[in-house]
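S.K.: Let me begin by handing over the structure; questions about it come next.
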Amino acid sequence: MEARAQVKHVRIAPRKVKIVIDLVRNKPLDVALAIVKNTPKAASEPVYKLLKSAAANAENNFGMNKDNLYVSEIFVGPGPTLKRVMPRAQGRAFRILKRTSHITVVLKEKEA
C-alpha cells in the first residue's frame, strides 16, 4: 500500500527542486521532514508541505501508521514554462524562461 501527494505548477525550476528531493529519497518520514525543514533552499518549503500532505493522506485515507512511513519515491518533472521578454541594448529583446515544476511524493509503510 502506498500514499501519494502531488503538487503542480510550483514556480521553481525543476533542477533547483531536484537538489532538495535528492536529500530525502528512501529516508524515514520524520528524518525527511527534519532534513527539508533545515535546508536553506527555496524549494524546501513546497517539498515540506508536500511531505506533510502525503503523510496526512497515508494516515487518513489508508490508515497507515505515521511512525512506519518512509519516502519510497520522490521525483520532479517540468511543468509549463512561462515565457517573458527582457529589453536589451539597441532595441533588442531577450527571452527569459520562467520554469515551473510538478513534484510527486510516494510514501510506503515499512514491513515490521
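The values are calculated or read from the model by the stated rules, or taken from the named source; none is laboratory data. As the structure is a prediction and not an experimental result, all values here were calculated from the model. Positions of Cβ are generated from backbone atoms using ideal geometry, with glycine treated the same way; all protein chains shown enter the neighbour counts.
S.K.: Considering the stretch 44-101 alone, what residues qualify as being more than 29 Å from residue 28 (Cβ to Cβ) and among the aliphatic types (A, V, I, L, M)?
M.R.: Across the stretch 44-101, the qualifying residues are 82, 85, 86, 89, 93, 96, 97.
S.K.: Now for a separate question. Looking at the stretch 53-71, I want the residues that are over 10 Å from residue 110 (Cα atoms) and have a partner that is at pLDDT below 90 and among the aliphatic types (A, V, I, L, M) with Cβ atoms under 6 Å, at least 6 apart or on another chain. Which pairs are those?
M.R.: Close Cβ pairs satisfying both conditions: 62/1.
S.K.: So if I check each of 71, 47, 17, 106, which one is β-branched (Val, Ile, Thr) and surrounded by fewer than 18 Cβ atoms within 10 Å (Cβ to Cβ)? Lay out the reasoning, then the answer.
M.R.: On the way: 71 fails: surrounded by fewer than 18 Cβ atoms within 10 Å (Cβ to Cβ); 47 fails: surrounded by fewer than 18 Cβ atoms within 10 Å (Cβ to Cβ); 17 fails: surrounded by fewer than 18 Cβ atoms within 10 Å (Cβ to Cβ).
Going through 71, 47, 17, 106 in turn, the sole match is 106.
S.K.: OK, next. Looking only at the stretch 83-112, count every residue that is in contact with a Ser or Thr (Cβ under 8 Å, 6 or more places away or on another chain) and without any contact (Cβ under 8 Å) to a residue 40 or more places away in the chain and tell me the total.
M.R.: Looking only at that region, the number is 1.
S.K.: Quick check on my filter: what residues within the stretch 83-103 are surrounded by 11 or more Cβ atoms within 10 Å (Cβ to Cβ) and outside any strand (DSSP E or B)?
M.R.: Once the filter is applied, which keeps residues that are surrounded by 11 or more Cβ atoms within 10 Å (Cβ to Cβ) and outside any strand (DSSP E or B), the stretch 83-103 yields 99, 100.
S.K.: Look at residue 103 and say whether it is among the hydrophobic types (A, V, I, L, M, F, W, C) and over 14 Å from residue 2 (Cβ atoms).
M.R.: yes
Okay, residues lined up against (1) part of a helix (DSSP H, G or I); (2) closer than 18 Å to residue 100 by Cβ:
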site: 3; (1), (2): no, no
site: 12; (1), (2): no, yes
site: 26; (1), (2): no, no
site: 34; (1), (2): yes, no
site: 46; (1), (2): yes, yes
site: 49; (1), (2): yes, yes
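S.K.: Give the residue, chosen from 22, 30, that is charged (D, E, K, R), assigned to a helix (DSSP H, G or I) and under 13 Å from the mean Cα position of the chain (by Cα). Write out each step before concluding.
M.R.: Details: 30 fails: under 13 Å from the mean Cα position of the chain (by Cα).
The conditions single out 22.
S.K.: Say we look at the stretch 28-44 and pick out the residues that are surrounded by 14 or more Cβ atoms within 10 Å (Cβ to Cβ) and polar (S, T, N, Q); which of these is farthest from residue 15 (Cα to Cα)?
M.R.: Among those that are surrounded by 14 or more Cβ atoms within 10 Å (Cβ to Cβ) and polar (S, T, N, Q), it is 39.
S.K.: Which number in (1) touching a residue at least 24 places away in the same chain (Cβ under 8 Å); (2) closer than 16 Å to residue 103 by Cβ; (3) in a helix (DSSP H, G or I) marks the one condition that residue 80 misses?
M.R.: Failed condition: (3).
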